[in-house]
There are 2 protein chains.
Amino acid sequence: MDFTRNLYGTSLSLLTDLYQLTMAYGYWKTGRAEQQAVFHLYFRKNPFEGGYAVCAGLEYAVHFLQNLKFSDNDIEYLTSLRNAKGDELFDLDFIEYLRNLHFTCHVEAIPEGTVVFPNEPLIRVSGPLLQAQLVETPLLNLVNFQTLIATKAARITEAAQGDLVMEFGMRRAQGVDGSLSATRAAFIGGVQATSNVMAGELFGIPVKGTHAHSWVMTFASEEESFEKYAEAFPHDSVFLVDTFDTLEGVRNAIKVARKMRENGSELSAIRLDSGDLAYLSIEARKLLDEAGFPAVNIVASNDLDENLIASLKQQGAKINTWGIGTQLVTAYDQPALGGVYKLGALKDEKGNWQYKLKLSEQLIKTSTPGVQQVRRFLDGNGKFVADMIYNEAENLPENMKIVHPLDITKQKPIAPETPFEDLLQPVFKNGELVYRLPTLPEIQQRTQSQLQSLDPSIRRFLNPHPYPVGLEANLHQLKTDLILKFRNLK
Amino acid sequence: MDFTRNLYGTSLSLLTDLYQLTMAYGYWKTGRAEQQAVFHLYFRKNPFEGGYAVCAGLEYAVHFLQNLKFSDNDIEYLTSLRNAKGDELFDLDFIEYLRNLHFTCHVEAIPEGTVVFPNEPLIRVSGPLLQAQLVETPLLNLVNFQTLIATKAARITEAAQGDLVMEFGMRRAQGVDGSLSATRAAFIGGVQATSNVMAGELFGIPVKGTHAHSWVMTFASEEESFEKYAEAFPHDSVFLVDTFDTLEGVRNAIKVARKMRENGSELSAIRLDSGDLAYLSIEARKLLDEAGFPAVNIVASNDLDENLIASLKQQGAKINTWGIGTQLVTAYDQPALGGVYKLGALKDEKGNWQYKLKLSEQLIKTSTPGVQQVRRFLDGNGKFVADMIYNEAENLPENMKIVHPLDITKQKPIAPETPFEDLLQPVFKNGELVYRLPTLPEIQQRTQSQLQSLDPSIRRFLNPHPYPVGLEANLHQLKTDLILKFRNLK
C-alpha cells in the first residue's frame, strides 16, 4: 500500500531544502542538469554509542520517489518566489523544465531491516545530476529518522530478552509523522505492538491498550473502575494500579480478578506506571501469585529505555511486558542520526567517471569517492565477518584487502572463496520501480535474523566490539590519492 | 488555510492511543459517554532548564478538532479489531455511536505565541466525557512538540541578539511532519526564514537557500563554481567556502565578488559550515573588509544551538547570520516536552462539579482539580508580575493570594486593583469554532512582545529566575483537602 499517498493529500515534491532547487537551477543554467552523477547516503557514527544500526525508511523513500512530480500548486509557488531585487528567482523556462520533470534515476538500496555500519551507503542514487541532487533532503529526512528509531527499538527489545515490548509514545512524539513513522520503525526494530491506532490502520501493526488514570478517577472507587472495565473487556483487561496507591491498587485488581474468574474470564495484566518499578513489581507478583493469579502479566511503563530495562532485569524485577514511549519514539538520548548524502562521481563527456570527494580537516568527515557497493563476508555459519565498501565501476583485485577508513595500518585480507552478499539491491531502474517492497512483518523478521548473525559482543550496549568495516584497498588508494591531490601534495 | 486538511489526505481521527477508544467504549457502556467533564493540558517543568516556554500548536489542534469525524475506513478498521478470544473488540452499537460522533465540546486555549509556565492549562476541554477523553493523545502530540520547538527557537533567537536566524533542519528532523511543524514552530519562536520549501508553500514562511558542497564538487575549481552560481543568482549569492580550505574559499569568493561588482551586482554572503567558527569568521571578516566587501554577510552553520551562539558572540565571532538545523528542529538537548492531560472535574446528576485529581508519591505529579483558568497580573508598564491558576467554577475571594504549588510557605498577596488578563480564550463553543486563528506573523509578533514583557532574569539560560506561578489560595486548599481525603487523613 502506498501509505504516503494515502496519508498526504498533497504533493511532497517541495519537501526539500531551497538550495536543492537553486542548485538545480544552476545545473540547468550551466547545461549540466542531465550530466550523470552518483550520490551516496550514509552515516558516519553508530547511534547511541552502539555497535550497529538497523536501516529503515526505504519504503517511505520509494513512495516519495514514485510520486516525485511538481503539482500545479508547487509550480505556482515556485513561480511566486522573488530574489533580493524583487525579480523572479527562477527563469520561467526552468520552471517549465520542473513541470515536466519525472524521476529517471537508478536507485540501489540496502533492504530495510538490514544491520548496517558507518560509511556504508544505505542508498545510492545515480542519474541526471539535477534529479539526483534534488532528492537529497527528503531521502535524508525519511531514512535518518526511521533508521534511528529502528536501531533504538532493536536495543530495547534486546534488553527485554524476549518479553513483549509495546510502543506507547504518540503523545510525546515529534508531530504526526514523528509518531506514525516512529511506530513503523519501532516495529521493524522488534517492537511487537503499539498504542497508535492510526499506525494499526495504516501499517497493520497490532494495537494494544489499557486505560488511563482518568478512567479510574471518573468512578467513586478504584475497585469499581476495574470492575466496569472488566465488564467492557472481559478478555483483554489490563488494570492501571497506581492512580492512588500502587499496592492497594494491586489488591483491588485481585478482588476484581476473582469476580472475573467467577464469571469465566481471566485478568490479563496489571500495569505499573510510577514509583520503584523493581520493588513494586516484585511485591505485586507476590500478591498476585499468593492470590492464585500467577498468569496475570505485569506491564511497566514510565520513561523506560534499554538501560533502565536492563537494570530492572538485573534487580530481579517481575515485569514481563514493557510499554515504551518517549525514549523510543524520540530516541531521547540521541534524537537525530547524522546521515549525509555526498557526490561520489560525475561522468565526463567521454563517459568516464570522474571521482569526487568533499575534503574536511577531519578524515572522518571526508567523503569517499566512487560508485559504491557494500560486500558483506560471512563465515561458514552465515555469521557476519566483515563488510567491504568497494567501487563497482572498477574490477575487484583477486586478493582483496579491507582497509580501515581512518587507520591505514588496520588491514584485513579476504580469502578468495569467502562467501558474501552485496547489500545494495536495485530499487529503481531509469525511474521505474524494480523492487518488491517486503511486508512489514518480513522486514521485522529480517531484522531479527540479521541481529542473530552479529556477534553478541557487537550488540553489547557498553563499549561494543567494533564490527570490521573498511574500504577495499584500491578504493582506499583512490581516496588517499584524491585527498593528496586536492591538498597539492601529489 | 486548513493546512492539515491539505497536507493529510486521510482522516486523522484514529491518531490516538487505543486506550482512548477502549475507555470511550467503557464510558459508553457504563452510560456515561455524555457526562460533562473538564480536562486540562499542561506541562510540569520548563524545557531546557529554562525559565519559560512559548506555547504553540493550537492551529494544528483546531484543524484536528474541526475534522474529527470517523471515516468509513476508520470505522471498517475499528470493526476489524478483535479481542484475545477472537471476538469483536467493540460492540457494533458502539461503532455506530462513533460513526455518528461529531465534536461538541467547549475548548478554551492560550493563544499561540504566549509565554507560559509549568502547571498552567494551555488547553481546557469541557464537554461529554467520551469526546473530551478521546482527543487527549492528538492534542498532546500536536501541542507538546510545537511548544517545545517554539521555546527552543525563542532561546536561539535571544542568543543571536537580533541577527538573522534561519532554520535548516529538515534532513535530520523526525519525519515529514517533524520537519514541517518544527519549521512552523521555529518561526513562531522568532526564526525569520527556513530552507524548507514546503513550509514556505504551506505556511508562507520566507525561504532561503545557498548551495551545498556538492555544487562546488561538480566543477573543476571552487572559483568556477562560485562564478557559475553568481551567474544564476546575481543578487542572492551565498558562497559555501569550506569545501576544500575555508580561508582559500573566502579568497575565491572575493575574486568572484569583484567580478560580480564589475557586472553590477553584490555578493550577499559567505557561509562557514565547519572548523573553528570564531577564528574563521574573524579572519574571513578581515579578508572581506580589506578587499572592500564590508557588506558581505557571514553565515555560520554546523550543529549550532543557543549556547554555542552565545559562546561565539562572546569570543567576538564575526557571524551575523545563523543557520540552525538539528539542534533546533529536534530540540536535541531535550527532544520531548512532558505535557500531560488530566481530568479536573466531572459533573454529577445534579449539575454540580465533582473535583478530581490524580495522586502521586511526588507532589509535582499530583494533578490539580477544578475548572482552571490562568490570570496573569501586570505592572504599570505591562510587564508580567505573576500568574495565578484559579477555579473558574467558584467565585474569587476579594483578597486574592497566590500559593506556590509545591511550597505552601511561598505565598503572594495580590492587590485588588492589579491589572490582569485571563489567558485561556474561547476557541470552540459546543464544537463550533468561535476563535479567529491569528496569522503566523501575528503569532510571531506576539511571541516577541510577550518575551519583552518578561524580566530578562527569567529569560536567562543559566539558572533563570523563577517566574511566580501559583494556585489561587482557595484552589490550593481544595487540592490539599482532596489529597488528604484520598489518603484518608481527613
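The values are calculated or read from the model by the stated rules, or taken from the named source; none is laboratory data. Nothing here was measured: the structure is a model prediction, and the numbers come from that model. Glycine also receives a Cβ, built like all others from the backbone with ideal geometry; neighbour counts cover every protein chain displayed. Side chains are part of the model used for accessible areas, which takes the heavy atoms of the whole protein and leaves out ligands, DNA and RNA. Shrake-Rupley method; radii C 1.70, N 1.55, O 1.52, S 1.80 Å.
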Euclidean distance between Cα centres, segment B:158-199 to segment A:230-254, Å: 44
When we measure straight from the Cα of B:Lys313, which lysines land under 24 angstrom away, once same-chain ones fewer than 8 places off are left out? B:Lys152, B:Lys208, B:Lys286
Part-to-part distance (alpha-carbon centres) for segment B:62-90 and segment B:415-447, which is given in Å: 33
A:Lys29: which aspartates and glutamates have alpha carbons under 12 Å from its alpha carbon, excluding same-chain residues fewer than 8 sequence positions away? A:Asp91, A:Asp93, B:Glu231
Semi-axes, largest first, in whole Å: what does sqrt of 5 times each Cα gyration tensor eigenvalue give for chain B? 49, 29, 17
Projecting each Cα onto the charge dipole of the protein assembly as shown (Lys/Arg +1, Asp/Glu -1 at the beta carbon, about the Cα centre), which of B:Leu363, B:Leu180, A:Tyr341 comes out farthest on the positive side? B:Leu363
Too long at a 30 Å Cα-Cα cut-off: which of A:Lys347/A:Lys401; B:Lys365/B:Lys412; B:Lys383/B:Lys490? B:Lys383/B:Lys490
Once you average over the residues of B:213-226, how many Cβ atoms of partner chains fall within 10 Å of each Cβ? 5
Over the Cα atoms of segment A:210-301, what is the Rg over Rh ratio if Rh follows Kirkwood? 0.92
homo-copy label distances at A:Asn263 (7 angstrom along Cα-Cβ), nm, one dp, ascending, are 8.1
Using a 7 Å Cα-to-Cβ projection, A:Asp422 label spacings across copies, nm, ascending: 7.1
Keeping every protein chain in place, order A:Arg446, B:Arg171 by accessible area at 1.4 Å, biggest value first, i.e. largest first. A:Arg446, B:Arg171
Here the FRET efficiency for A:Gln161 versus B:Asp455, based on Cβ atoms and R0 = 41 Å and rounded to 0.05, is 0.20
For the protein assembly as shown, the Rg and Dmax computed from alpha carbons only, in angstrom: 29.2, 93
On C-alpha positions alone, give me the angle between the axis of helix B:440-452 and the longest principal axis of chain B, in degrees, nearest 10. 90
Round to the nearest 10 and report in Å² the accessible area of A:Met260, as given by a 1.4 Å probe over the protein chains' heavy atoms. 10
Taking the 0 to 90 degree range and rounding to the nearest ten, how far is the long axis of helix B:175-189 tilted relative to the main principal axis of chain B, both from C-alpha atoms? 90
At a 1.4 Å probe radius, carbon and sulfur cover how many percent of the accessible area of segment A:175-221? 52
If ligands, DNA and RNA are left out, what is the accessible area of A:Cys55 with a 1.4 Å probe, given in Å² to the nearest 10? 10
At a Förster radius of 41 Å, what calculated FRET efficiency corresponds to the Cβ-Cβ distance of B:Asn307 and B:Lys365, to the nearest 0.05? 0.90
Treating the point 7 Å from Cα along Cα-beta-carbon as the label, what are the nm separations from B:Arg99 to the other copies, to one decimal? 4.5
Per-residue Cβ counts within 10 Å, from other chains only, averaged over B:354-367: what number is that? 3
Using Cα centres only, tell me the gap between segment B:379-401 and segment A:289-319 in whole Å. 45
Over the Cα atoms of segment B:448-489, each weighted equally, I'd like the Debye log10 I(q)/I(0) at q = 0.22 Å⁻¹, rounded to two decimals. -0.73
Give the angle, between 0 and 90 degrees and rounded to the nearest 10, that separates the Cα long axis of helix B:136-159 from the longest principal axis of the Cα atoms of chain B. 40
Please express the Cα-Cα pair-distance distribution P(r) of segment A:79-155 as a list of whole percents, one per 10 Å bin, running from 0 to the bin with the greatest distance. 14, 34, 26, 17, 9, 0
